[in-house]
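Worksheet for the structure shown next.
No lab work stands behind these numbers, since they all come straight from the coordinates. Keep in mind it's a predicted model, so treat the numbers as computed, not measured. A quick note on method: Cβ atoms are made from the backbone with ideal geometry, for glycine too, and the neighbour counts reach across all protein chains shown.
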Amino acid sequence: MERKKLALIFGGRSGEHVVSLRSAASIMEAVDLESYEIMPVGITRDGAWLAGPDAWLSLWEQRLPREAGRAVLLTDPGHPGLLIQSDQHPGEWRHQPVDVAFPVLHGTYGEDGTIQGLFELAGIPYVGSGVLASATGMDKVFMKAIFQQCGLPVAPYLFFYRYQWHGLEASWQERVATELGFPCFVKPANLGSSVGITKVFAPAELPAAVEEALLYDEKVLVEEFVAGREIECAVLGDIEASASRPGEVIPCNEFYDYRAKYIDDRSNLVVPVDLGAALEESIKDYSIRAFRAVEASGLARVDFFVNPDKDTVIINEINTMPGFTSISMYPKMWEASGVGYRELVGRLIDIAFSRHNRRQALLFTPPE
Ligand SMILES: Nc1ncnc2c1ncn2[C@@H]1O[C@H](COP(=O)(O)OP(=O)(O)O)[C@@H](O)[C@H]1O
Ligand SMILES: [Mg+2]
């Protein structure tokens, strides 16, 4: 049987470009090469798509995108695939069929529904959540609203847009003080990797934190500080989903900020973490409910603040394309639950096909 063509898409325009490269390197080694032929597609930090044998090196070495080897996804479901520019003749483009895409992209333009929309237009099955779930998981305000609607516990919060902040700073300060108290967390609504997030200890620090968040988004979330351990849980599936054993992140900084995530190597990851059977069950249950609440598919990592003494569990967020290097939390939590990395990759690709096939049967226009 002919091998299926898997477009492994990595890099991307977000701050998690390098994490994506590392995740893709691990996945490349784990794909079953008897069933799949890998087509590497690298997206540069500027958003140019490169395909072919050099794509991988170009991104690692951060060479500027060349004139040749560029790729575009053809949005023609009759011919699912890429158009790839010839190396020898830059004016020539050839069609490269693609059977399934694995976008190992985190954050903006990768995890937020935009590239998922492109695959929908192209009629290509893809690993991970669809447009709506990806966008909802990326926008912390919408995510929290959906979680609340589904009866899931979230930290109290406020949000506002840039135009509602300027000129009304004092009244927001007042509302934050009375409704949330200090310390609190100020975050851009859409981003990740803790970029633009500040822990604010006193009212006077609020304006600078809001201005920092406004650098990254027009919408700002202010959240009550939750004292607790940072517990995470991995979900795998689609309509039927299962949850892994939980793990714990012990940040090396004041909170799990950008430095603690990617620069300092001193944060501790404990997988699995022993929280007692009852608490573990409730975290798994909340994780699957969070997965369903946003209509996620394939994979998601659900992050919590847990206080085992008080038995409190608060959902912080859902990540629809979590870090996927062989030492990332998501695969480690599955490993600890009996699903190895290779099997995980295989199952995610299978889910991409089954979700696609199921949805293929839908009508887009009324019957004549
Ligand atoms: N309400 C909160 N209470 C306590 N710590 C928080 C709170 N919100 C965020 N943090 C800390 O900031 C980190 C990053 O926040 P998070 O909302 O997860 O953003 P990101 O999507 O960038 O990962 C968390 O892992 C945690 O360490
Ligand atoms: Mg987080």
Inset, instruction - Would you please give the residues with an amide H less than 5 Å from that of TYR126, counting only those at least 5 places away or on a separate chain, with H modeled from the backbone geometry? - result: ALA101
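So what's the net charge close to PHE142: Lys and Arg +1, Asp and Glu -1, counting the other residues with Cβ under 12 Å from its Cβ?
Details: positive: LYS140, LYS144, LYS219; negative: ASP112, ASP139, GLU317.
My count for the surroundings of PHE142 gives 0.
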Legend entry - J(HN,Hα) series, region 312-322, from Karplus relation 6.51 cos²θ - 1.76 cosθ + 1.60, nearest Hz, glycine and proline x: 9, 10, 10, 7, 7, 6, 10, 10, 8, 9, x
Legend entry - Phi to ³J(HN,Hα) by Karplus 6.51 cos²θ - 1.76 cosθ + 1.60 over region 230-247, Hz, x for Gly, Pro: 8, 10, 10, 9, 9, 10, 9, x, 8, 5, 9, 10, 10, 10, 7, 5, x, x
Inset, instruction - Collect residues whose amide H, placed 1.01 Å from N in the peptide plane, falls under 5 Å from the amide H of VAL273; neighbours closer than 5 in sequence don't count. - result: GLY247, GLU248
Inset, instruction - Could you pull out every one of the lysines with an alpha carbon less than 30 Å from that of LYS332, ignoring same-chain neighbours closer than 8 positions? - result: LYS4, LYS5, LYS140, LYS144, LYS187, LYS199, LYS261, LYS284, LYS310
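Can you compute the helix-only [θ] at 222 nm over the chain? Use -39500 (n - 2.57) per DSSP H run of at least 4 residues, normalise by all residues, nearest 500 deg cm²/dmol. Don't skip to the answer; put the middle values down first.
Working: 11 runs with 111 residues, N = 368.
Taking each H run of at least 4 residues, the total per residue is -9000 deg cm²/dmol.
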Legend entry - Pairwise centroid distance, computed over Cα atoms, of region 93-153 with region 201-263, Å: 20 Å
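Which of the three applies to region 279-332, rounded, prolate or oblate, going by the alpha-carbon gyration tensor with a ≥ b ≥ c and a/c under 1.5 meaning rounded? Don't jump to the answer; show the numbers that get you there.
Values: a/c = 2.32, a/b = 1.41, b/c = 1.65.
Note, shape of region 279-332 comes out oblate.
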Inset, instruction - At 15 Å minimum axial length over the Cα atoms and a Kyte-Doolittle cut of -0.5, report the qualifying DSSP H helices in the chain, or say none. - result: 17-30, 277-293
Legend entry - 5 angstrom amide H check on VAL98, placed H, neighbours 5+ away: GLY81, LEU82
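Can you give me the relative contact order of the chain as a percent, contacts being Cα pairs under 8 Å and 6 or more apart? Intermediate results must be reported in sequence, preceding the final value.
On the way: 773 pairs, mean separation 61.8, N = 368.
Relative contact order of the chain: 17 percent.
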Inset, instruction - Would you mind pulling out the separation of the Cα centroids of region 28-53 and region 296-368, in Å? - result: 21 Å
Legend entry - Rounded, prolate or oblate (a/c below 1.5 giving rounded, otherwise prolate when a/b exceeds b/c) for region 4-126 by Cα gyration tensor: rounded
